[in-house]
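Values quoted throughout were computed directly from the atomic coordinates according to the rules given, and no laboratory measurement underlies them. Worth saying up front: this structure is predicted, and the values here are computed from it rather than measured. Positions of Cβ are generated from backbone atoms using ideal geometry, with glycine treated the same way; all protein chains shown enter the neighbour counts.
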Number of protein chains: 2
Amino acid sequence: MQIHSSITDLRAALSQRGRIVFIPTMGNLHAGHISLMEQARAHGDTVVASIFVNRLQFGPNEDFDKYPRTFQADCDKLAAAGVDVLFAPTEADLYPEPQEYLIEPPGIQNILDGEFRPGHFRGVATVVTKLFNCVQPQVALFGKKDYQQLMMIRNMTRQLALPIAIVGGETVRAEDGLALSSRNGYLSEAERAEAPRLYRTLNEIAAELRAGNADFAGLEQAATAKLAAAGWQTDYIAIRRRHDLAPAADLDQPLVILAASRLGKTRLIDNLEV
Amino acid sequence: MQIHSSITDLRAALSQRGRIVFIPTMGNLHAGHISLMEQARAHGDTVVASIFVNRLQFGPNEDFDKYPRTFQADCDKLAAAGVDVLFAPTEADLYPEPQEYLIEPPGIQNILDGEFRPGHFRGVATVVTKLFNCVQPQVALFGKKDYQQLMMIRNMTRQLALPIAIVGGETVRAEDGLALSSRNGYLSEAERAEAPRLYRTLNEIAAELRAGNADFAGLEQAATAKLAAAGWQTDYIAIRRRHDLAPAADLDQPLVILAASRLGKTRLIDNLEV
């Protein structure tokens, strides 16, 4: 596996590489990422991953400094997964000067995760666009665990006429249902045992919806209360229309349930399409 | 000359075309545009122009509806200038849905022309990015007459890591000094006779600066007053540092004088590097 940190070197390496499939990450790779790497091969000739912990998408009180950085282990996993090229820019490579030109998403950036992470999706949209321009892939893969992010990247790519097909990868879960996430490593043993409740809660709501319960606000409130009783601090449990993440109005449309909740200091997110 | 309106057709036509040089325009082409087309050939194998009057960069009280549209004459001029491919999308091609993902420039978008045209440069940055993504050129040419625009497109291209070299083309002037512009067509005969005063004013300020006069505010005010006496309504006459368009602080730095002023209903802009 080739590893490049400079944009110039990367472009030279990719110039004759056929159809390029790209998977951007922030490192600390788990089986969810590796699943994307393995799916990537089917979409093109050269699989390019990136590792870059993007300061721009972290709020001032978020975990940028302590975000887990495990570069050597990540390289081993990527090589084993058949990744051809790793782009691992430093901050000086990607932000040699303060980033002043930003991709500004519409109002959807301020709901759900965006309500609790002001500026987060602007930072995501900007770095993804910049990474796209560095790698110039024909296909890019993103996990469905970050559902709102995937939707916004899809919409942004279409709206900016980026010549890239966006592919969503299914969420990979532990045997007990917990969605794999780099932030799971922050959990204490007791919190890790408790953590699967989030996905169970999503499934309970889904069962109610399938049974015809359309009291969306009531379902959201009841789930929040049950999580609170088990020690969770919930940012949101939200039943939304899949196509634009607006609040669900009735049961005759594809829905998705999205959640973000904190166990101790660790913020977990998950979602389930219904 | 090939003409395409759909993004898909355009991309197919450009897929094996070597190094692509791109000149975006809003049509109503004059010798300034044609000069860019002729310079383009030296930068690559295939010269692509676009004609698109971009609603997004016009304010609600600006001249979007009456902006001159002269498509057939433009095609003749482009073909004669050796342009290989013209991209002429309709609004449905480029904005099939409301444009919600925008390129947000930094504070420089709100000074000088930006102060008088709120949202203008956001609209320019967004459409240029989108046109870049459609055409995927290696080089793009923009006229220096739109000085602030050229600077912002340069900065945006670098900051978003777009793999495109930005080349500025010198302003082309009528024999009496008036910078060529599509909006010159709005001028009455009397206004057209008066119009060269704008460039003369810039040259008078430049002569003062070269003579060591560093009373920047005084020079700006005197010029504005002289224009007013001749019937002009001035938006700004501004002596600025070239590299970031901040107000000039002393004479030991490369400067540029920028102006926007109205004759009747017609708004003219011009600039002069010192």
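Under the classification rounded if a/c is under 1.5, otherwise prolate if a/b is larger than b/c and oblate if not, where does the stretch A:121-274 fall, given a ≥ b ≥ c as square roots of the Cα gyration tensor eigenvalues? Cα axes put the stretch A:121-274 in the oblate bin.
For B:Gln221 and B:Glu189, what is the calculated FRET efficiency with R₀ set at 35 Å and r taken between the beta-carbons, to the nearest 0.05?
Numbers: r = 30 Å, r/R0 = 0.87.
In this case the efficiency is close to 0.70.
Note on the stretch A:151-225: the C-alpha convex hull projects to 7.7 nm² when averaged across all orientations. Normalise the Debye intensity by I(0) for chain B, one equal point scatterer per Cα, no solvent, then take log10 at q = 0.07, 0.16 Å⁻¹ and round to two decimals. Taking Cα atoms of chain B as identical point scatterers yields -0.26, -1.32.
Global size of the protein assembly as shown: 27.1, 85 Å for Rg and Dmax (C-alpha atoms, Rg to one decimal, Dmax whole).
Between the amide H of B:Leu255 and those of B:Arg242, B:Val274, distances stay under 5 Å, these residues lying 5 or more places away or on another chain, with hydrogens modeled in the peptide plane.
Which FRET efficiency value, to the nearest 0.05, do you get for B:Glu115 and A:Ala73 by plugging their Cβ-Cβ distance into 1/(1 + (r/R0)^6) with R0 = 35 Å? Please report the intermediate quantities before stating the final value.
On the way: r = 52 Å, r/R0 = 1.49.
That gives a FRET efficiency of 0.10.
Within the shell of other residues whose beta carbon sits under 9 angstrom from the beta carbon of A:His120, the net charge comes to 0, with Lys and Arg scored +1 and Asp and Glu -1. Applying a length cut-off of 15 Å (Cα extent along the axis) and a mean Kyte-Doolittle floor of -1.0 to the DSSP H helices of chain A leaves A:120-135, A:147-159, A:197-210, A:216-229.
Which one, A:Ala79, A:Ala179, A:Ala161, has the greatest fluctuation when you compute a Gaussian network model over chain A with C-alpha springs under 10 angstrom? Of A:Ala79, A:Ala179, A:Ala161, the Gaussian network model singles out A:Ala161 as fluctuating most. Near A:Arg173, within a Cβ-to-Cβ distance under 13 Å, what is the net charge of the other residues, with Lys and Arg +1 and Asp and Glu -1? Charge balance in the 13 Å sphere: -1.
Using the count of nearby Cβ atoms within 10 Å as a rough guide to exposure, how do A:Arg158, B:Arg117 rank from fewest to most? Before the final figure, lay out each step's value.
On the way: A:Arg158 14, B:Arg117 20.
Fewest-to-most ranking of A:Arg158, B:Arg117: A:Arg158, B:Arg117.
Top mean-square fluctuation among B:Asp244, B:Asp252, B:Asp113, Gaussian network model of chain B, C-alpha springs under 10 Å? Checking each option, the largest mean-square fluctuation is seen for B:Asp252.
Over the stretch B:18-137, what is the mean sequence separation of C-alpha contacts under 8 Å (at least six apart), divided by residue count, expressed as relative contact order in percent? Walk me through the numbers on the way to the answer.
Numbers: 158 pairs, mean separation 37.3, N = 120.
In percent, rounded to a whole number, it is 31.
Pairs from the table (A:Lys77/A:Lys265; A:Lys130/B:Lys77; A:Lys130/B:Lys66; A:Lys77/A:Lys226; A:Lys77/A:Lys145; B:Lys145/B:Lys226) lying more than 26 angstrom apart at Cα are A:Lys77/A:Lys265; A:Lys130/B:Lys77; A:Lys130/B:Lys66; A:Lys77/A:Lys226.
Tell me the relative contact order for the stretch B:9-51 as a rounded percent, counting alpha carbon contacts under 8 Å between residues six or more apart. Let's see the in-between values first.
Working: 47 pairs, mean separation 22.8, N = 43.
Contact order relative to length: 53 percent.
Which translational diffusion coefficient, to the nearest whole µm²/s, is obtained for the stretch A:102-161 from the Stokes-Einstein equation, given a Kirkwood hydrodynamic radius over C-alpha pairs, 10 °C and 1.306 mPa s? For the chosen part, D equals 135 µm²/s. Along the Cα-to-C-beta direction of A:Arg241, a point sits 7 Å from the Cα; which residues of the stretch A:250-264 have their amide N less than 20 Å from that point? Hits in the stretch A:250-264 for A:Arg241 at 20 Å: A:250-259. Measuring nothing but how far apart in sequence close Cα pairs (under 8 Å, 6+ apart) lie, relative to its length, chain A scores a relative contact order of 17 percent.
Note on chain A: with a GNM built from Cα contacts shorter than 10 Å, the maximum mean-square fluctuation among A:Phe87, A:Phe116, A:Phe142 falls on A:Phe116.
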